[in-house]
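The structure under discussion appears below in the form of structure tokens.
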Amino acid sequence: MVAVIDYDAGNLKSVMKAFSYIGEEAFLTRDYKEILKADKVVLPGVGSFYNAMSELKKYELDKAIKDVCEKGTPFLGICLGLQLLFQGSDESPGCEGLSLLNGFIHKLPEDKDLKVPNIGWNSIDLCNEGRLFKGIDDKSFVYFVHSYYLEAADESIVRATCDYGVTVHASIEKNNIFACQFHPEKSSGVGLNILKNFSEIDYAH
């Protein structure tokens, strides 16, 4: 059972539909006990860093996320869900993230003749043998929608990067915590394979 955290963020239905397509039962919840009992937990999200953190705190989901990650349950952050795992963002100065991982979210540069937000398909460079990318080819294309990007403090947790005027840390993995800046649920067969790989990961501290 995959718990998809409901904190009034968008993009929840497409995540649920993608898990259903690969044969995984997923349910929306903001109930602490249900989240802690789930086999896997997913934090999707679109919107602003500040508003998302405010909603997580309002429903005490920040505590649930930290407890799930400490417990060893496989956890997946998607898009804004990746960004929230880190310490803060240029988008919301003074707003502290979940700080489960060290790193900061920066604004994409607007002086590189590239449109911001970055909306569309981009190829990713795989590194450090990420479990999400088992059986997936290097340079595969995935779908992005973002104006901010991760710079992880520890590059050893980075499992995929892409170039968009800067090097974007597009996916990370540390123990049982996984996250993608791109949207696997919107990334066709490659994305479905990523979600399938996540669904097959066992508990890991």
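The values are calculated or read from the model by the stated rules, or taken from the named source; none is laboratory data. Here the structure is a predicted model, which is why all the values come from computation and not from measurement. Because the Cβ atoms are built from the backbone with ideal geometry, glycine has one as well, and the counts that use them run over all protein chains shown. Side chains are part of the model used for accessible areas, which takes the heavy atoms of the whole protein and leaves out ligands, DNA and RNA. Shrake-Rupley method; radii C 1.70, N 1.55, O 1.52, S 1.80 Å.
Brief remarks on what is shown
- Per residue, the convex hull around the alpha carbon atoms of the chain comes to 101 Å³.
- Per-q log10 I(q)/I(0), the stretch 55-111, q = 0.22 Å⁻¹ (Debye; single scatterer per alpha-carbon; no solvent): -0.90
- Overall form of the stretch 68-169 per C-alpha gyration tensor (a/c, 1.5; a/b vs b/c): oblate
- Within the stretch 14-74, the GluC sites (Glu not before Pro) that combine a DSSP coil assignment with at most 12 other C-beta atoms in a 10 angstrom radius are Glu25, Glu60.
- Structure note, pairs Lys37/Lys107; Lys37/Lys63; Lys33/Lys57; Lys33/Lys134: Cα-Cα distances above 25 angstrom occur for Lys37/Lys107; Lys33/Lys134.
- The stretch 125-181 - Debye-derived log10 I(q)/I(0), Cα point model, q = 0.18, 0.30 Å⁻¹: -0.57, -1.49
- A helix-only calculation puts the chain at -7000 deg cm²/dmol for mean residue ellipticity at 222 nm, using -39500 (n - 2.57) for each DSSP H run of at least four residues, averaged over all residues.
- Accessible area in the full protein assembly, largest first, 1.4 Å probe, for Met16, Met1: Met1, Met16
- On the principal axes of its alpha-carbon atoms, the stretch 104-157 has extents of 34, 26, 15 Å, going from largest to smallest.
- Selected from Gly45, Gly72, Gly88 as most flexible by GNM, with the chain as the system and alpha-carbon contacts under 10 Å: Gly72
- Sites listed here are GluC sites (Glu not before Pro) in the stretch 84-181 whose DSSP assignment is loop and whose Cβ has at most 15 other Cβ atoms within 10 Å: Glu96, Glu110, Glu129.
- Over all distinct Cα-Cα pairs of the stretch 1-76, the Kirkwood formula returns a hydrodynamic radius of 12.4 Å.
- Restriction of the trypsin sites (Lys or Arg not before Pro) in the stretch 104-168 to DSSP coil positions whose beta-carbon has at most 12 other beta-carbons within 10 angstrom yields Lys112, Lys115, Lys139.
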